[in-house]
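To start, the structure itself, in structure tokens.
The values are calculated or read from the model by the stated rules, or taken from the named source; none is laboratory data. Model, not experiment: these values are computed from the prediction. Every residue, glycine as well, gets a Cβ built from its backbone with ideal geometry; the counts of neighbours run over all protein chains shown. Quick note on the areas: whole protein, heavy atoms, side chains included, nothing else; ligands and nucleic acids left out. Shrake-Rupley method; radii C 1.70, N 1.55, O 1.52, S 1.80 Å.
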Amino acid sequence: MRDFDEKRVVYYGRNDYAAGVHRDRCLSVLASAEIVDLTSINEAIEAHQIKLTVEGIPELFLGQSIEDHPRRATILFSKACRLASSELENKSIGEVYDQVELQYGKEFWELMEACGAWQKMKSPDFEKLLMDHPECLGMVLQYKKPVECFADEIKRALINNPRYSAELIVGRLAAEETSEKALNLPQNLGNSEIDGIMLSYINSETANPNYVSALRNWPSGKAARYNPSPEVRVKAKRQYDKSMDDLFRNGTGLRYGTGVVIDMRQNACMGVTREGFSLTHSFSGRWLKKYMDPATVMNNLIYVFDFVDSHGLMQAPARKHEEHGIMATLGMHVKGEYRETTGFKMRSGLTYLETMAYANFLETNGGRLESAIEWVYNQYFAEEFDITGFSLALPSEKATWLDKCKAIGPEIERAVKAYSLYSKYGVIDDEYFPHESMRSFSSLTALDGKKYAIAGSSFERFGSLLFSDQCMLSYLHAEMISESSFYEMMVNHHVTRGDYPEYLQPNLNELIKNEFVIEHDENGRLEPTDYAVCLKIIWEHDALPLFRLGKRDLEIVESLASRHTISYCDKLFAPFESDYLDYMFNDASFSNSAGLRNRYDHANSSIDDPQADDIRADYFKLLSLLIAITLKINEELMRKSGLGGLDSFVDWPYYDESVFRLARELGLAK
């Protein structure tokens, strides 16, 4: 390929910031369209790019000195096709490609497709080009015609270049970011041959862990053209684990983590300490030992261990917007995967550790966490809400961890089925149990209609402007001031329209028109409205429970729902909660599911030690899921009946001084 020529026209699409950068060059070439003779393949490619620009952004040429731009562009394109045809008749495709300037590597193939030039190419020449330039495979395979014309040649090129072909196939079929691009693989390239490509790639020294990870968590239901064999999946998992060990063996990266301590010397219920990026949460052994009755044990899970937040939403699940914009783009994300963000890993890990620590503490002191959960289903629901039919029988203390894992899954399902029957019929009838199925936690409905406000069809548009750290409104260029979002900029600074350049004014107009921002008449200051506050809660938490809201807040929610900025959800679990439960419990919903229920329902592996630490850890993960489900069911019964809740409070310190100290260190204390 020749040098890069930055003056030539490239069509980037109408929504690209550089969409109009080549307008003057377009006008210059269009002016002589009828008399100019194209003399090189690069001029032909440019002619096609000009035609795409004229058709894609016609308003770019309004009011210019020359007229009839579409006709002139068509004339240029006709000349481009004739030149491309002539070049391919006299030269091999490789010789033509070698003349292409660097900026036109992709655009060359766009011209070949637009001109229908594939039939002018000779099979041996085409195969040689792909062997010499395997980077062309990605562009070629976007089009059906070359795959039909050169199936054997393309197949051989794919097999002989496993690095390019493996990353291409994985990227197009499995990756979230690039899967929208077409991939037309030859029909004569079978699944076993693609397996061979993948195995060669996995065994190579250049295998990228991101692509290897995608093979171990392949989205089979979303990538039907290829399904990795068990050998590919197993070897991909082993290679990925090895590459991660090699990468972090010498202290590379940042270490973060969570820890849990139950401290008999600590009086206040909750404390926390920080060391680097690791947090250790401490809980008062005095409080936990003094109050070990089942009701207080369950309340401790809410108010001390924070299984749910102040909105009544589960703490552990991942939130859609919790990653900063730049972090969300790093690495490869497989289609249909559950996004395991750093925040999610820390919160869910904390939940599992709290469950384990509290269970061990209660057993040491003559109690049992499982007994408190059984009390909720076997006694409390009947006594407090007059609902019979709930029942639970958790594994005994003496059972092995393996037997506990086998036993708890069906009990979780029993609890969920009982609630499902009650939500449908108002009673729990044993004879309905065999006919009740539960494929997803998202199928469970709330007892009384609308329960949550969640994102609507226009939520992302307004939310991104207000809360995204990638929004340009979060930066004041003249003052060199930046905030994490435009919302924070308005809260922390006196900002007006005049602080922003002309190209951002339409964004401000849209926010003001839709009542998310108010512009004060007296000084022009921009401030967020109550509508923006409502969106902020949903942006940060993924849902807003309605039953905790007052009349004014409900009116705001209804107004936003009428504009489709938010929508209502009538399920027991908010969507992000049911996603988390499906991810942890089942195999079907996500390509990287933990699938704990299926892991112990089926013979997924040999068992060397039924008391192994990893099996023990899985049991407490399952137990933490049951706790969260139980708290959500109880809350829903309270919401429907108006019964339940705390009757009295004990005068006891809630936060240890360490909590306030850390808040000051992090700048969270006001």
Filter the cross-link list LYS106/LYS145; LYS79/LYS128; LYS424/LYS450; LYS106/LYS222; LYS145/LYS181; LYS79/LYS120 down to pairs whose alpha-carbon distance in this structure exceeds 21 Å.
LYS79/LYS128; LYS106/LYS222
Can you give me the angle between helix 575-585 and the longest principal axis of the chain, using Cα atoms only, in degrees from 0 to 90, rounded to the nearest 10?
80
Could you state the number of Å between the C-alpha centres of region 478-550 and region 231-266?
40
Measure nothing but the geometry: give the 0 to 90° angle between the long axis through the Cα atoms of 123-132 and the longest principal axis through the Cα atoms of the chain, rounded to 10°.
60
Rounded FRET efficiency, nearest 0.05, which uses the C-beta distance separating ARG233 from THR342 and R0 of 30 Å
0.70
Counting other Cβ atoms within 10 Å, keep those with at most 11, restrict to DSSP loop, and tell me which GluC sites (Glu not before Pro) in region 393-442 are left.
GLU397
Percent antiparallel among DSSP beta bridges confined to the chain, rounded to 5, stands at 65
What is the Cα convex hull volume of region 131-209 when expressed per residue in Å³?
88
Taking chymotrypsin sites (Phe, Trp or Tyr not before Pro) as candidate sites, keep only those in a DSSP loop with at most 15 other Cβ atoms within 10 Å, then name the longest stretch of the chain containing none of them.
292-648
Among trypsin sites (Lys or Arg not before Pro) in region 402-496, those in a DSSP loop whose Cβ has at most 13 other Cβ atoms within 10 Å are ARG439
Nearest 20 debye, what's the magnitude of the dipole of region 481-633 about its Cα centre given +1 on Lys and Arg Cβ and -1 on Asp and Glu Cβ?
420
Once you have the Cα-Cα distance between TYR654 and ASP530, take 0.36 nm times their residue separation minus that, and quote the gain in nm to one decimal.
41.5 nm
In nanometres, the difference between 0.36 nm per residue of separation and the alpha-carbon distance of LEU330 and ASP306 is 5.6 nm
Considering only DSSP states other than H, G, I, E and B, which GluC sites (Glu not before Pro) in region 36-79 qualify as loop sites with at most 15 other Cβ atoms within 10 Å?
GLU67
Computed E for GLN379/ALA603 - FRET, C-beta separation, R0 41 angstrom, nearest 0.05
0.70
In µm²/s, what is D for region 288-391 at 20 °C and 1.002 mPa s, where D = kT/(6 pi eta Rh) by Stokes-Einstein and Rh is the Kirkwood radius from Cα pairs?
132
Quick one: putting +1 on the C-beta of Lys and Arg, -1 on the C-beta of Asp and Glu, what dipole do you get for the chain around its Cα centre, in Debye to the nearest 20?
760
With a 1.4 Å probe and every protein chain left in place, tell me how much accessible area THR342 has, in Å² to the nearest 10.
60
For region 372-492, how big is Rg over Rh, using alpha carbon atoms and the Kirkwood form of Rh?
1.27
Cα lying deepest toward the dipole's positive end in region 71-190, options LEU83, PRO146, ALA182, charges on Cβ:
LEU83
I need to check one value: relative contact order of the chain, counting alpha carbon pairs closer than 8 Å and at least 6 residues apart, in percent.
12
Residues of region 588-614 with amide nitrogen under 20 Å from the 7 Å Cα-to-Cβ point of ASP241?
591-614
Can you give the calculated 222 nm mean residue ellipticity of the chain, where each DSSP H run of n ≥ 4 adds -39,500 (n - 2.57) and the sum is split over every residue, rounded to the nearest 500 deg cm²/dmol?
-15000 deg cm²/dmol
In degrees, nearest 10, the alpha-carbon axis of helix 294-303 is tilted away from the dominant principal axis of the alpha carbons of the chain by 30
Note on region 432-558: contact order normalised by length, alpha-carbon pairs under 8 Å, 6 or more apart, percent, works out to 25
What size of dipole, in debye to the nearest 20, comes out for region 133-178 about its Cα centre when the only charges are +1 on Lys and Arg C-beta atoms and -1 on Asp and Glu C-beta atoms?
140
Unit charges at the beta carbon, dipole of region 151-282: most positive-side option, TYR211, ILE197, GLN239
GLN239
No other cysteine beta carbon under 4.7 Å away is the test; run it over the chain and list who passes.
CYS26, CYS136, CYS149, CYS269, CYS405, CYS471, CYS534, CYS569
Listed residues LEU350, PHE385, ILE326: farthest to the positive end of the dipole of region 323-429 (Cβ charges)
ILE326
Within region 210-328, percent of DSSP bridges classed antiparallel, to nearest 5
45
Bin all alpha-carbon pair distances of region 473-548 at 5 Å intervals from 0 and give each bin's fraction as a whole percent.
3, 14, 24, 26, 16, 9, 5, 2, 1
Over all distinct Cα pairs, what is the inverse of the mean 1/r for the chain, reported as the Kirkwood hydrodynamic radius in Å?
29.8
Once both label points are put 7 Å beyond Cα along the C-beta direction, the GLU205-ASP614 separation in nm becomes 3.0
